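Working notes, beginning with the structure itself.
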Amino acid sequence: MTRIYVTRHGNTFDKGDVITRVGGRTDLPLSTSGLAQAEALRDHFEQGGIKFDRAFCSPLKRTKKTAEIALASQSAEVELKVLPFLVEIDYGPDENKPEEEVVARIGEAALKAWEEEAIPPQGWHVEPTAVIGRWEEFFANANKKYKDETILLVTSNGIARFALSAVDGGKGDHALKLKTGAYGILDVAEDGKVTVVSWNVRP
């Protein structure tokens, strides 16, 4: 069995900041609270005796930093590799715009469809079938390339939600959205079956 910790990066905004919809074209660093969330992940994994054999992140600074901090307490050095498919989606005309402007453009119903069913609003640049396919490919190769390993994988909310769609079509008991600094555990059995052990766990 291969165990995968699908993790969302920490905050990129702090209390009082104007929160915008940050996608793949906006490479923000972790904020002060985001750094604290990454440190909480590190401490949580250390206290839980969780040892990672390898780690992956997107090319974005916020995912790399979260992964680096989360891995800092590992007893053995863990190589961190970039997987391009983990980069956040492109929010098109809503990229880096305040949420109220996003809702004003797309409407509450479209935002709800995204949050609950991963249906992208008009203008957002993401192909769900392609993203799901890349998750399926990663899971299918997990026990071939990483048999019996434990993997840390750090990505963003827009990509992480499709991991569940790749497992159960997004029709399971878990809400698709991962909170910042939270993770889910997915187990890949020898026969390739993927099981969602937990989702949205925040230390």
### Query
Each residue of region 91-102 in order: what ³J(HN,Hα) in whole Hz does its phi give by Karplus 6.51 cos²θ - 1.76 cosθ + 1.60, θ = phi - 60°, with x for Gly and Pro?
7, x, x, 9, 4, 6, 9, x, 4, 5, 6, 5
### Message
Per 0.36 nm of contour for each residue apart, how much would the distance between ALA36 and LYS112 grow if the chain were fully extended, relative to their Cα-Cα spacing?
### Response
24.4 nm
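Take the Cβ-Cβ distance between ALA189 and GLU137 as r, set R0 to 25 Å, and report the resulting FRET efficiency rounded to the nearest 0.05. Display every interim value, and only then the final one.
Details: r = 17 Å, r/R0 = 0.67.
Efficiency, from the Cβ-Cβ distance: 0.90.
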### Message
Take VAL82 and ILE50, extend 7 Å from each Cα along the Cα→Cβ direction, and tell me the distance between the two endpoints in nm.
### Response
2.5 nm
### Query
How much space per residue, in cubic angstrom, does the convex hull of the C-alpha atoms of region 19-95 take up?
87 Å³
#### Entry: Ellipticity estimate at 222 nm from DSSP helix runs (n ≥ 4, -39,500 (n - 2.57)) divided over the chain, nearest 500
-11500 deg cm²/dmol
### Task
Pull out the extension gain between GLU149 and ASP17, defined as 0.36 nm times the separation in residues minus the alpha carbon to alpha carbon distance; nm, one decimal.
43.6 nm
## Note on the structure
Here FRET efficiency (C-beta to C-beta, ALA72 to GLU127, R₀ 25 Å, nearest 0.05) is 0.10
### Message
Accessible area of the chain with a 1.4 Å probe: how many percent of it is carbon plus sulfur?
### Response
48 percent
### Message
Looking at the chain, identify the longest residue range that excludes and avoids all GluC sites (Glu not before Pro) in DSSP loops having at most 13 other Cβ atoms within 10 Å.
### Response
80-189
### Nonlocal amide H pairs with ASN200, under 5 Å, H built at 1.01 Å
TYR183, GLY184
### Query
At each listed q (0.09 Å⁻¹), what is the log10 of I(q)/I(0) that the Debye formula gives for the chain modelled as equal alpha-carbon point scatterers?
-0.32
## Note on the structure
Scalar couplings 3J(HN,Hα) for region 61-68 by Karplus 6.51 cos²θ - 1.76 cosθ + 1.60 (θ = phi - 60°), nearest whole Hz, x for Gly and Pro, are 4, 5, 7, 4, 5, 4, 5, 4
### Task
Treating each Cα of region 41-157 as an identical point scatterer and ignoring solvent, apply the Debye formula and state log10 I(q)/I(0) at q = 0.13, 0.22 Å⁻¹.
-0.66, -1.20
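The values are calculated or read from the model by the stated rules, or taken from the named source; none is laboratory data. A quick note: this is a predicted structure, and the numbers were derived from the prediction, not measured. With ideal geometry, Cβ positions are generated from the backbone for all residues, glycine too; neighbour counts draw on all protein chains shown. The accessibility values were calculated without ligands, DNA or RNA, using every heavy atom of the protein model including side chains. Shrake-Rupley method; radii C 1.70, N 1.55, O 1.52, S 1.80 Å.
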